[in-house]
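Before any comments, here is the structure.
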Amino acid sequence: MKVDPETHIGEIGLNAVHPAHAGHGVGTRLYEYALGHMKRAGARVATVATGGDASHAAARRAYEKAGFHAAIPSVWLCRLL
């Protein structure tokens, strides 16, 4: 996680809960901690990104449970090199 002190935007980066621990509140506590840290650091908004494919469905549910929602539809473009 990080907070940009100029824009006051916090960002949660790549993260995961091991499948053996899924459904036990680990992700909820992780996001509560991260959001509290960002707020104390002066963030006014928090962002997180995840994939839109089926393999990221659990991540999207976890983020939505933590209060995130798709405020700005985004598209990532990629190119194989």
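The values are calculated or read from the model by the stated rules, or taken from the named source; none is laboratory data. All figures in this text were calculated on a predicted structure; none of them were measured in a lab. Quick reminder, even Gly has a Cβ in these numbers, built from the backbone with ideal geometry, and neighbours come from all protein chains shown. When the accessible area is computed, the model is the full protein with side chains, heavy atoms only, and any ligands, DNA or RNA have been set aside. Shrake-Rupley method; radii C 1.70, N 1.55, O 1.52, S 1.80 Å.
Of all residues in the stretch 20-43, those satisfying the criterion of being open to solvent by less than 100 Å² (accessible area, probe 1.4 Å) and under 21 Å from His56 (Cβ atoms) are Ala20, Ala22, Gly23, Gly25, Val26, Gly27, Thr28, Leu30, Tyr31, Ala34, Leu35.
The single condition among (1) touching a helix residue (DSSP H, G or I) at 6+ places or on another chain (Cβ under 9 Å); (2) loosely packed, with under 13 Cβ neighbours inside 10 Å; (3) of a type in the set (Val, Ile, Thr) that Val17 does not meet is (2).
If you take the residues of the stretch 18-35 that are in a helix (DSSP H, G or I) and of a type in the set (Gly, Ala, Ser), which of them is farthest from Cys78 (Cα to Cα)? Looking at the filtered set, the residue picked out is Ala20. Among the residues of the stretch 38-71, those identified as within 9 Å of the chain's Cα centre (by Cα) and among the hydroxyl-bearing types (Ser, Thr, Tyr) are Thr47, Thr50, Tyr63.
For the stretch 36-54, a residue qualifies if it is among the hydrophobic types (A, V, I, L, M, F, W, C) and in a helix (DSSP H, G or I), and the qualifying residues are Met38, Ala54. Does the stretch 66-76 contain at least one residue that is modelled with pLDDT under 90, open to solvent by less than 50 Å² (accessible area, probe 1.4 Å) and outside any helix (DSSP H, G or I)? No - not one qualifying residue is present in the stretch 66-76.
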